[in-house]
1. Of the residues Val74, Val131, Val123, which single one is of a type in the set (Val, Ile, Thr), modelled with pLDDT under 95 and within 22 Å of Asp190 (Cα to Cα)?
2. Quick check on my filter: what residues within region 148-163 are modelled with pLDDT of 95 or more and either more than 20 Å from the chain's Cα centre (by Cα) or part of a helix (DSSP H, G or I) (or both)?
3. Go through region 248-275 residue by residue and tally those that are over 12 Å from the mean Cα position of the chain (by Cα) and not in a helix (DSSP H, G or I).
4. So which residues in region 155-170 are buried (at least 19 other Cβ atoms within 10 Å of the Cβ) and either of a type outside the set (A, V, I, L, M, F, W, C) or without any contact (Cβ under 8 Å) to a residue 12 or more places away in the chain (or both), if there are any at all?
5. For region 135-152, what are the residues that are under 28 Å from Val76 (Cα atoms) and either in contact (Cβ under 8 Å) with a residue 24 or more places away in the chain or open to solvent by less than 30 Å² (accessible area, probe 1.4 Å) (or both)?
6. Kindly provide the set of residues from region 118-128 that are open to solvent by less than 40 Å² (accessible area, probe 1.4 Å) and in a loop (DSSP other than H, G, I, E, B), ordered by number.
7. Looking at Arg234, Arg228 in this structure, which one is free of Cβ contacts under 8 Å to residues at least 60 places away in the same chain, open to solvent by 70 Å² or more (accessible area, probe 1.4 Å) and in contact with a Phe, Trp or Tyr (Cβ under 9 Å, 6 or more places away or on another chain)?
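The values are calculated or read from the model by the stated rules, or taken from the named source; none is laboratory data. On a predicted model such as this, the values are computed, not experimentally measured, just so you know. Positions of Cβ are backbone-derived with ideal geometry, glycine not excepted, and every protein chain shown enters the neighbour counts. Only protein heavy atoms, including side chains, enter the accessible area calculation; ligands, DNA and RNA are left aside. Shrake-Rupley method; radii C 1.70, N 1.55, O 1.52, S 1.80 Å.
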Amino acid sequence: MTIVATGSSASAATSADKGQIGRLLRSWRERRRVSQLELALRADSSARHISFIETGRSRPSEEMVLRLAEHLQVPVRERNALLLAAGYAPHYPETPLDDPALDALRDGMERLIQGYEPYPALVVDAGYTVVASNRGIAMLLEGVAEELMTPAPNAMRLTLHPGGLAPRIRNLREWRGHLLAQMERQIALDRSDQLRALYEEVAGYPVTEDAPGEEPAGPVAYFALPLRIEHAGRILSFVSSISTFNTPMDVTVAELAIETFLPADPATAKYLHTLAG
């Protein structure tokens, strides 16, 4: 299991900026398309108080900041940013993934993705750095350029780079469009400069025509967009599912995602079980 450490939380602001916290909260409310009245009802407040906070006429309490952030579904990292803007200390720690305090979490994730074998599964952080993967993923990555595997492999680069999986993905344009749209949604939510730079990098990779591949013997009613990828002369089809932790209390944990790949047809399932012996 590869462990990638993350940075520590920033220190608390020394003074409140009522204008900044108000602008940030209004931005999140507008992104969620929630009116001041609706937010007030959810947070057991009043539209007048929400208006005073957003215009800088009132400084919200620490409890109110957290309550509004909860009802606006603000990501954990950004909740800390809201608290800092209001003059409070961050509420959520950011524990490095290799910290002993997260031993149980790492062990649990490793058991989970190993138990999913022979099907592929991996764990990524908010920047799509692969922090853990199973033998199913290793099988798919056979032949990938060595420079993409070190020092810390990135799932988007591994998938879309010409030296990665891209030449073997038979529906590359569709799958590429799906991944880029996923990143765009995340950027709109998190506004991460690091993620924006990654997006611009992978979106700039050249795209060749989808390679001809072995088509299914008959019509297949896929229930989600499949990833169709060649391996050892066979075309394998997968649909992916992404899971995150419910009610996380740590920034690092909140930003982890477990992606599993389920066979989209019986032939793929049979082939993977055959490989696994």
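1. Val74
2. Leu148, Ala155, Met156, Arg157, Leu158, Thr159, Leu160, Pro162, Gly163 - these are the residues of region 148-163 that are modelled with pLDDT of 95 or more and either more than 20 Å from the chain's Cα centre (by Cα) or part of a helix (DSSP H, G or I) (or both).
3. First, the residues of region 248-275 that are over 12 Å from the mean Cα position of the chain (by Cα): 248-251, 260-275.
Cutting the leftovers down to not in a helix (DSSP H, G or I) gives us 248-250, 260-265.
Of the residues in region 248-275, 9 are over 12 Å from the mean Cα position of the chain (by Cα) and not in a helix (DSSP H, G or I).
4. Hits for region 155-170 are Arg157, Thr159, His161, Gly164, Arg168, Arg170.
5. Ala152 - this is the single residue of region 135-152 that is under 28 Å from Val76 (Cα atoms) and either in contact (Cβ under 8 Å) with a residue 24 or more places away in the chain or open to solvent by less than 30 Å² (accessible area, probe 1.4 Å) (or both).
6. Answer for region 118-128, where residues must be open to solvent by less than 40 Å² (accessible area, probe 1.4 Å) and in a loop (DSSP other than H, G, I, E, B): Pro118, Pro120, Asp125, Ala126, Gly127, Tyr128.
7. Of Arg234, Arg228, the one residue that is free of Cβ contacts under 8 Å to residues at least 60 places away in the same chain, open to solvent by 70 Å² or more (accessible area, probe 1.4 Å) and in contact with a Phe, Trp or Tyr (Cβ under 9 Å, 6 or more places away or on another chain) is Arg234.
Every residue, every condition in (1) at pLDDT 95 or above; (2) within 30 Å of Asn80 (Cα to Cα); (3) in a loop (DSSP other than H, G, I, E, B); (4) not β-branched (Val, Ile, Thr), yes or no:
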{"site": "Pro206", "(1), (2), (3), (4)": "no, no, yes, yes"}
{"site": "Glu214", "(1), (2), (3), (4)": "no, no, yes, yes"}
{"site": "Val220", "(1), (2), (3), (4)": "no, no, yes, no"}
{"site": "Arg228", "(1), (2), (3), (4)": "yes, no, no, yes"}
{"site": "Phe245", "(1), (2), (3), (4)": "no, yes, yes, yes"}
